[in-house]
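Each remark here refers to the structure printed beneath this line.
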Amino acid sequence: MTLKHSFSTLGGQLFWLLACGLAVALVPLVSDPYWTRVAVFVFINIGLASAWNIIGGVAGYPSFGHAVFFGIGAYASAILTVRYGVPLGLAIPVAAVVAGLFSLVFTPLFKQRGFFFALSTLAASLAVETMVRNFRWVRGLQGTDQGWNLPNDRPVAFYYLLALAMLILCLASVLVLLHSRVGLALKAIAKDETVAASAGINCTRYKVYAFVFSAVWPAVFGAIYAPFLVYISAETVFDLKITLSMIVFSVFGGIGTFLGPVIGGILLSIIDQLAWANFLDWHSVIYGALVVLIITFSPGGVISWFRRSGARRGHA
Amino acid sequence: MTDVLLYGVLSGAIFAMVSFGFSLVLGVLGIVNMTHGVYVVMGGVLTHALATQAGFPIPLAMLAATVLTGVFAVAIHKIFVERVFKTNPLMVLVQTFGIAIVVTKLLEKSMGASERLLRVDVPGHAITEIGSVIVPTIELVVFAIALLSTGALVLMLNYTDFGRSIRACRDNPRSASLLGINVNAVYAKTMLVCGLWTGLAGALLVASKPVAPYMQQQWAVDAFLIVIVGGLGSIPGVLLGGFLYGVLNYTAFYYFPVIAPSLIFGALILLLLFRPQGLFGLGAVARK
């Protein structure tokens, strides 16, 4: 197998993913804790963007309420570990299952397309956010709490490795999905849903698969986020900005591609972090301006700078 | 109870006016304009600044702020939106969201981030009695102006050549351009109209409620929720949706302040589940 060929087969891509992952896993040995902490955020962002990309980019159904799954994961993790003393290793899969089941509630929205789908998902997630904010049992440990305090008893390196491991799993599952029948069906649906349906593809079923898949991973990362940040509240984990970040990372890197969210996640997270550290006051302006410029002048994303055809592909 | 309903209806006029511009842009250009909330806030903030710091008489301040907001809307369209919306309409949402963030921050830096309210008393009659409810007259004036200007907009859309060309571009841009309509110019003018009317809504708003730059996100969210509820493509739907939303908002916050947002969103979710096209939506619009 040639080197170039290894980039396009599933086995080859998984190999390269694992190799990069192992290399990255060794980085904390040489870097300082600040950058290790930044890296955890980067991993979470890449994971979120990749998950969104499946429903928003590959399937072509941009969900504008996706932060809700991240929030559900964070809250599930907080409730399970703080109120019931469940170990984190169990809380993460449970959070994923909760989010997956919850995402099935969204299925009626798939009757709509494009804008309507986007706006409806946004409205639905805003509704969930306000309900969490007002439902005392979920909102905090005591009825009067506005958020959850989690124990701070693990070193940064733990979260680094945990987030990295989850990210590798997430990206691997994305690769498997893209190479499977489901991935083919989604690409067909994105190109022209009517034709796909006429060709016998059960569009609703595949859309639901994609949506559940894309809901489960944000929950996993949310479940890691909660103990990492030690304190969560409805404002921080259900924020519209999280959803928009998922979208922007994917668009910036190259929507609909595998590497797009990865590149977008890395570059934009670093830019965001640098802007926040050095220009605190103007940080949001810089970030917003960057987003605008990228979308205005390079809608195909960073990936399109490296491709001549610029067409959306499902793999690297 | 009647006073809450009355205030709800009064606030509904501004909701309707704001949502109308949003719905127009969404229908004609096919984009979700997240800077819409900024138009509202800009209208209000500029009016207040012109009236209190530059000494403009209030009606003139409102007019000037409206025009400035309109110009701003067109500028945003020409510089940013125009490049992107034909090939990638949904990304305009993210793009305009970025613009909204930047402009809001710039507004805050230059004009201050605090809430401001224009205290206006209608000379002679500071308050009016409607039945058993006492209402500041300015609220009624604001309501009347909002209604009249929305009515003017509807009339313009339906009975003037300009309105016809806008509707043509909304229904079928390709045919419109084949018939000789300068579609790009119509798009720019639509944005101007949206900016003007939404800026006016903001200018009127600052006379009855406090306005601050950070409120822009809530206004954008409110506007498209009303459009979803009212149904796309339907003018009466959006207007009715605006009034309903105003009443729902007021009553929910008055009677159940703690769970009011949940009530409102719960009602919206129910509506979306059982009638995804909104109240008066034109059936299943398969738009991608």
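The values are calculated or read from the model by the stated rules, or taken from the named source; none is laboratory data. All values reported here derive from a predicted model rather than from experimental measurement. Every residue, glycine as well, gets a Cβ built from its backbone with ideal geometry; the counts of neighbours run over all protein chains shown.
Can you confirm whether B:G27 is of a type outside the set (A, V, I, L, M), more than 14 Å from chain A (Cβ to nearest Cβ) and either in contact (Cβ under 8 Å) with a residue 12 or more places away in the chain or more than 15 Å from B:W219 (Cβ to Cβ) (or both)?
Values: of a type outside the set (A, V, I, L, M): yes; more than 14 Å from chain A (Cβ to nearest Cβ): no; either in contact (Cβ under 8 Å) with a residue 12 or more places away in the chain or more than 15 Å from B:W219 (Cβ to Cβ) (or both): yes.
Answer is no for this residue.
Results for (1) aliphatic (A, V, I, L, M); (2) within 14 Å of another protein chain (Cβ to nearest Cβ); (3) over 16 Å from the mean Cα position of the chain (by Cα); (4) under 30 Å from B:L270 (Cβ atoms), shown as yes or no for each residue.
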{"position": "A:A76", "(1), (2), (3), (4)": "yes, no, yes, yes"}
{"position": "A:T81", "(1), (2), (3), (4)": "no, no, yes, no"}
{"position": "A:P87", "(1), (2), (3), (4)": "no, no, yes, no"}
{"position": "A:A91", "(1), (2), (3), (4)": "yes, no, yes, no"}
{"position": "A:A96", "(1), (2), (3), (4)": "yes, no, no, yes"}
{"position": "A:G100", "(1), (2), (3), (4)": "no, no, no, yes"}
{"position": "A:L104", "(1), (2), (3), (4)": "yes, yes, yes, yes"}
{"position": "A:K111", "(1), (2), (3), (4)": "no, yes, yes, yes"}
{"position": "A:F117", "(1), (2), (3), (4)": "no, yes, yes, yes"}
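Would the stretch A:255-262 turn up any residue that is in contact with a Phe, Trp or Tyr (Cβ under 9 Å, 6 or more places away or on another chain), within 13 Å of another protein chain (Cβ to nearest Cβ) and part of a helix (DSSP H, G or I)?
No, the stretch A:255-262 has no match at all.
Quick grid of which residues meet (1) surrounded by fewer than 16 Cβ atoms within 10 Å (Cβ to Cβ); (2) among the small types (G, A, S); (3) free of Cβ contacts under 8 Å to residues at least 12 places away in the same chain; (4) within 14 Å of another protein chain (Cβ to nearest Cβ):
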site	(1), (2), (3), (4)
B:I101	no, no, yes, yes
B:T104	no, no, no, yes
B:A113	yes, yes, no, yes
B:H125	yes, no, no, no
B:L153	no, no, no, no
B:D161	yes, no, yes, no
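In the list A:A275, A:A289, which residue meets the criterion of being touching a helix residue (DSSP H, G or I) at 6+ places or on another chain (Cβ under 6 Å), farther than 16 Å from A:A49 by Cβ and more than 12 Å from chain B (Cβ to nearest Cβ)? So that I can check it myself, show each step before the final result.
Working: A:A289 fails: more than 12 Å from chain B (Cβ to nearest Cβ).
A:A275 is the lone residue from the list that is touching a helix residue (DSSP H, G or I) at 6+ places or on another chain (Cβ under 6 Å), farther than 16 Å from A:A49 by Cβ and more than 12 Å from chain B (Cβ to nearest Cβ).
Which count do you get for residues in the stretch B:34-84 that are within 14 Å of another protein chain (Cβ to nearest Cβ) and either crowded, with 21+ Cβ neighbours inside 10 Å or without any contact (Cβ under 8 Å) to a residue 12 or more places away in the chain (or both)? Spell out how you get there, then give the answer.
We begin by selecting, within the stretch B:34-84, every residue within 14 Å of another protein chain (Cβ to nearest Cβ); these are B:34-38, B:75-84.
Then drop every residue that is not either crowded, with 21+ Cβ neighbours inside 10 Å or without any contact (Cβ under 8 Å) to a residue 12 or more places away in the chain (or both), which leaves B:34-38, B:75-77, B:79-81, B:83-84.
Adding up the residues that qualify gives 13.
Name every residue in the stretch A:12-47 that is loosely packed, with under 11 Cβ neighbours inside 10 Å and either at pLDDT 85 or above or not charged (D, E, K, R) (or both), in order of residue number. Working first, answer last.
Within the stretch A:12-47, the first condition is being loosely packed, with under 11 Cβ neighbours inside 10 Å, and the residues that meet it are A:19, A:23, A:26, A:29-30, A:32.
Correct list: A:A19, A:A23, A:L26, A:L29, A:V30.
Report yes if B:T96 is among the hydroxyl-bearing types (S, T, Y), surrounded by 23 or more Cβ atoms within 10 Å (Cβ to Cβ) and within 10 Å of chain A (Cβ to nearest Cβ), otherwise no. Show your work before the answer.
Working: among the hydroxyl-bearing types (S, T, Y): yes; surrounded by 23 or more Cβ atoms within 10 Å (Cβ to Cβ): yes; within 10 Å of chain A (Cβ to nearest Cβ): yes.
Spelling it out, B:T96 is indeed among the hydroxyl-bearing types (S, T, Y), surrounded by 23 or more Cβ atoms within 10 Å (Cβ to Cβ) and within 10 Å of chain A (Cβ to nearest Cβ).
With the condition kept exactly as written, say whether any residue in the stretch A:42-63 is part of a helix (DSSP H, G or I) and more than 27 Å from A:G183 (Cβ to Cβ).
Our first condition is that a residue be part of a helix (DSSP H, G or I); within the stretch A:42-63, this holds for A:42-58.
Applying the additional criterion that residues be more than 27 Å from A:G183 (Cβ to Cβ) yields none.
No, there is no match, as no residue in the stretch A:42-63 is part of a helix (DSSP H, G or I) and more than 27 Å from A:G183 (Cβ to Cβ).
Looking only at the stretch B:1-41, which residues are polar (S, T, N, Q) and assigned to a helix (DSSP H, G or I)? Don't jump to the end; show me each part of the working.
To start, the set of residues in the stretch B:1-41 that are polar (S, T, N, Q) comprises B:2, B:11, B:19, B:23, B:33, B:35.
B:T2, B:S11, B:S19, B:S23 - these are the residues of the stretch B:1-41 that are polar (S, T, N, Q) and assigned to a helix (DSSP H, G or I).
For the stretch A:80-133, which positions are on the phi > 0 side of the Ramachandran plot and either in a helix (DSSP H, G or I) or crowded, with 23+ Cβ neighbours inside 10 Å (or both)? Give the derivation first.
Filtering the stretch A:80-133 down to residues on the phi > 0 side of the Ramachandran plot leaves A:85, A:114.
Scanning the stretch A:80-133 gives a single hit, A:G114.
Please find, within the stretch A:282-303, the residue that is modelled with the highest pLDDT out of those that are surrounded by 19 or more Cβ atoms within 10 Å (Cβ to Cβ) and among the polar types (S, T, N, Q).
A:T296
Residue-wise test of (1) touching a Gly at 6+ places or on another chain (Cβ under 7 Å); (2) within 15 Å of B:I76 (Cα to Cα); (3) not acidic (D, E).
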| site | (1), (2), (3) |
| --- | --- |
| B:S177 | no, no, yes |
| B:A185 | no, yes, yes |
| B:M191 | no, yes, yes |
| B:G195 | yes, yes, yes |
| B:T198 | yes, yes, yes |
| B:K209 | no, no, yes |
| B:P213 | no, no, yes |
| B:I226 | yes, no, yes |
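Scan the stretch A:227-243 for residues that are in a helix (DSSP H, G or I) and either out of contact with any helix residue (DSSP H, G or I) (no Cβ under 6 Å at 6 or more places or on another chain) or at positive phi (or both) and report the count.
Narrowing the stretch A:227-243 to residues in a helix (DSSP H, G or I): A:227-229, A:234-237, A:240-243.
Then keep just the ones that are either out of contact with any helix residue (DSSP H, G or I) (no Cβ under 6 Å at 6 or more places or on another chain) or at positive phi (or both); that gives A:227, A:229, A:235-236, A:240-241.
Total meeting the criteria: 6.
Just checking, does the stretch A:196-215 include any residue being within 14 Å of another protein chain (Cβ to nearest Cβ) and of a type in the set (D, E, K, R)?
yes
All but one of (1) more than 30 Å from A:A127 (Cβ to Cβ); (2) surrounded by fewer than 18 Cβ atoms within 10 Å (Cβ to Cβ); (3) modelled with pLDDT under 90 hold for B:I138; which doesn't?
The failed condition is (2).
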